[in-house]
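The values are calculated or read from the model by the stated rules, or taken from the named source; none is laboratory data. Just so it is clear, the model here is predicted, and its values are computed rather than measured. Because the Cβ atoms are built from the backbone with ideal geometry, glycine has one as well, and the counts that use them run over all protein chains shown. Protein only, heavy atoms only, side chains kept; ligands, DNA and RNA dropped before computing areas. Shrake-Rupley method; radii C 1.70, N 1.55, O 1.52, S 1.80 Å.
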Amino acid sequence: KIKDIDAYQIYDSRGFPTLEVEVTLASGTQGYGLVPSGASTGQFEALELRDNDSSRFRGKSVFKAINNVKTILSDALKGTSVFDMEQIDRKMIALDGTVNKSNLGANAILGVSMAVANAAANEKGIPLYEYLGEGKGTLIPLNEIQILGGGAHAAWAIDIQDYLVIAVGAKTYEETLEMTHNIYHAAGEVMKARGKCVGIADEGGWWPDYLTNEEPFEVFLEAVEKAGYVAGKDVAISLDIAASDLFDGEKYHFKLTNESFSPEAFCDLMIDWCDKYPIISIEDPFADTDFESWKRFNKVCGDKVQIIGDDLFTTNIERIKQGIEAGLANSVLIKLNQIGTVTETLEAIRVTQEAGWLPVVSARSGETEDAFISHLAVATNAGQLKVGSFARSERMIKWNENLRIQRSLGDKAQFIGSKIYERILK
Ligand code: PGA
Ligand code: ZN
């Protein structure tokens, strides 16, 4: 039984305020929920409640959300069994009463939801992945790891948000990490040699200084070769275009090159890039309202490229169902705080998998020193995890946690790597 729910302000990887929720059970067992935060957020996401009081943390404080946990949510949930996660989440949704959780704040609700899940696992004395997956989660995910960061995560140094690597040739989880390590550092050396490295972007990838959005492909391919791998065989490119940030309702704009594209022309460009470069996965190639481009792109490239909807779906079950019906993509990015409860997140993953699509469990650009999502990925046999780069502890804790989970699973642990794509690609 839940005895007490407390919340307090902590700080995310950008040093912005966020909240941590502490659930205490009658037995004395505790569980924590640390809430992440995005920067290139989708318009259909559940609302992150911030105080917008310019005299405190430049408007970024979350005291209202904290207060909602300590009063309304705590009062409503005290005495409830911690194992009734679904009922607890449904009760919080009802108490909030809005479609986007704007009343109590998705950050407040998610903090409680994650803390409840952790407390329940702790009470049973089992790891979180085992609790969330009811013992059925055994698949260690393939990593999608950022090499270069741009867009909203690097002050628009380039227009494309993420250039990532997927170690498609890796036979083991450890090998994906070794390959990524080698390529990440080779890419840094290539960029420094070109005099084009500003520093490190929000998710730990290199922050570039480039003339075009295609130059990073050259750097990437050079780095892969320098590291001794073959692009297209050992490793492939993954992109997050985060195109909602580039679209004004009529056209897509590249600030870097001062180019504008009609939706048709932008779709042509994406098709062209997929032909030209060894791209295995592409996220948000179009804006979250530009369904025609999604449909056309999926028809042309959907059997050779994983097409992931992030801002398009915002982990929202109804939007995912509509996207499946309309044939907009073949994969869904899964972010807990886009929807605001663990229950709805698990349902979003289930709906995705039942349609024969792939879920990609993902971190946010503002992260915490918590590895909930590593457990979520294994629990649901999602098969893929995206956490930003191979640097900075708020990223590394997620990769490292999967090493620990793999150890704890022992003989039961499975790694199928890029075979996961056989479920969607020809
Ligand atoms: P965000 O970016 O966390 O800033 O929204 C991550 C992504 O777009 O995948
Ligand atoms: Zn994205």
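Every residue, every condition in (1) over 30 Å from Gln414 (Cα atoms); (2) in contact with a strand residue (DSSP E or B) (Cβ under 6 Å, 6 or more places away or on another chain); (3) in a loop (DSSP other than H, G, I, E, B), yes or no:
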{"position": "Glu134", "(1), (2), (3)": "no, no, yes"}
{"position": "Glu144", "(1), (2), (3)": "no, yes, no"}
{"position": "Trp156", "(1), (2), (3)": "yes, no, yes"}
{"position": "Ile160", "(1), (2), (3)": "yes, no, yes"}
{"position": "Leu164", "(1), (2), (3)": "no, yes, no"}
{"position": "Glu174", "(1), (2), (3)": "no, no, no"}
{"position": "Glu178", "(1), (2), (3)": "no, no, no"}
{"position": "Ala186", "(1), (2), (3)": "no, no, no"}
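Which condition number does Lys64 fail, the rest of (1) touching a strand residue (DSSP E or B) at 6+ places or on another chain (Cβ under 9 Å); (2) away from ligand 1 (no atom under 13 Å from the Cβ) being met?
Answer for Lys64: the failing condition is (1).
I'm checking my understanding of the structure. Among residues of segment 335-376 that are more than 16 Å from ligand 2 (Cβ to nearest atom) and among the small types (Gly, Ala, Ser), which one is nearest to Asn402 (Cα to Cα)?
Going through the qualifying residues, I end up with Ser374.
Could you check segment 383-412 and list, in sequence order, the residues that are more than 16 Å from ligand 2 (Cβ to nearest atom) and not in a helix (DSSP H, G or I)?
Within segment 383-412, Gly383, Phe390, Ala391, Arg392 qualify.
If you take the residues of segment 141-182 that are surrounded by 24 or more Cβ atoms within 10 Å (Cβ to Cβ) and small (Gly, Ala, Ser), which of them is farthest from ligand 2 (Cβ to nearest atom)?
So the residue we want is Ala167.
Out of segment 95-120, which residues are closer than 23 Å to Gly42 by Cα, not in a loop (DSSP other than H, G, I, E, B) and not hydroxyl-bearing (Ser, Thr, Tyr)? Spell out how you get there, then give the answer.
Residues of segment 95-120 that are closer than 23 Å to Gly42 by Cα, as a first pass: 96-114.
From the residues that got through so far, the ones that are not in a loop (DSSP other than H, G, I, E, B) too are 96, 106-114.
Result: Asp96, Ala106, Asn107, Ala108, Ile109, Leu110, Gly111, Val112, Met114.
Quick test of your reading of the structure: Thr314 fulfils all but one of (1) polar (S, T, N, Q); (2) touching a strand residue (DSSP E or B) at 6+ places or on another chain (Cβ under 7 Å); (3) within 13 Å of ligand 1 (Cβ to nearest atom). Name the failing condition by number.
(2)
Could you please find all residues in segment 324-370 being in a loop (DSSP other than H, G, I, E, B) and either within 15 Å of ligand 1 (Cβ to nearest atom) or in contact with a strand residue (DSSP E or B) (Cβ under 6 Å, 6 or more places away or on another chain) (or both)? Please lay out each step first, then the result.
Applying the first criterion (in a loop (DSSP other than H, G, I, E, B)) to segment 324-370 yields 327-330, 335, 340-341, 355-357, 363-365, 367-370.
Residues satisfying the conditions are Ala329, Asn330, Lys335, Gly340, Trp357, Ala363, Arg364, Ser365, Glu367, Thr368, Asp370.
Which of (1) assigned to a helix (DSSP H, G or I); (2) modelled with pLDDT of 95 or more does Lys192 not meet, given it meets every other one?
Of (1) assigned to a helix (DSSP H, G or I); (2) modelled with pLDDT of 95 or more, only one is false for Lys192: (2).
Which condition number does Cys274 fail, the rest of (1) surrounded by fewer than 20 Cβ atoms within 10 Å (Cβ to Cβ); (2) away from ligand 2 (no atom under 16 Å from the Cβ) being met?
(1)
For the subset of segment 381-415 comprising residues that are among the charged types (D, E, K, R) and surrounded by fewer than 20 Cβ atoms within 10 Å (Cβ to Cβ), which member is farthest from Trp357 (Cα to Cα)?
Out of the qualifying residues, it is Arg392.
Okay, residues lined up against (1) closer than 22 Å to Ala121 by Cα; (2) without any contact (Cβ under 8 Å) to a residue 12 or more places away in the chain:
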site: Glu347; (1), (2): yes, no
site: Thr352; (1), (2): no, no
site: Ala355; (1), (2): no, no
site: Glu369; (1), (2): yes, no
site: Ala377; (1), (2): yes, no
site: Trp399; (1), (2): yes, no
site: Gly410; (1), (2): yes, yes
site: Lys419; (1), (2): no, yes
site: Glu422; (1), (2): no, yes
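Restricting attention to segment 226-271, report how many residues are open to solvent by 30 Å² or more (accessible area, probe 1.4 Å), within 16 Å of ligand 2 (Cβ to nearest atom) and part of a loop (DSSP other than H, G, I, E, B).
Here the count works out to 0.
Keeping to segment 59-100, report how many residues are basic (Lys, Arg), under 26 Å from the mean Cα position of the chain (by Cα) and under 21 Å from Leu34 (Cβ atoms).
Here the count works out to 2.
Any chance you could count how many residues in segment 152-169 are in contact with a helix residue (DSSP H, G or I) (Cβ under 7 Å, 6 or more places away or on another chain), of a type in the set (Gly, Ala, Ser) and modelled with pLDDT of 95 or more?
Qualifying residue count, segment 152-169: 1.
Quick one: would you say Thr315 is in a loop (DSSP other than H, G, I, E, B) and not aliphatic (A, V, I, L, M)?
yes
Which one of the conditions (1) surrounded by 22 or more Cβ atoms within 10 Å (Cβ to Cβ); (2) assigned to a loop (DSSP other than H, G, I, E, B) does Asn52 fail to meet, given that it meets all the rest?
Evaluating Asn52 over (1) surrounded by 22 or more Cβ atoms within 10 Å (Cβ to Cβ); (2) assigned to a loop (DSSP other than H, G, I, E, B) leaves (1) as the failure.
Filter segment 282-298 for residues that are more than 24 Å from Ile166 (Cβ to Cβ) and in a helix (DSSP H, G or I); which is most open to solvent (accessible area, probe 1.4 Å)?
Glu292
Quick one: what pairs do we get from segment 38-52, first residue in contact (Cβ under 8 Å) with a residue 24 or more places away in the chain, second of a type in the set (A, V, I, L, M, F, W, C) and open to solvent by 50 Å² or more (accessible area, probe 1.4 Å), C-beta under 9 Å, 6+ apart or different chains?
Going by the 9 Å Cβ cut-off, the qualifying pairs are Ala46/Val99.
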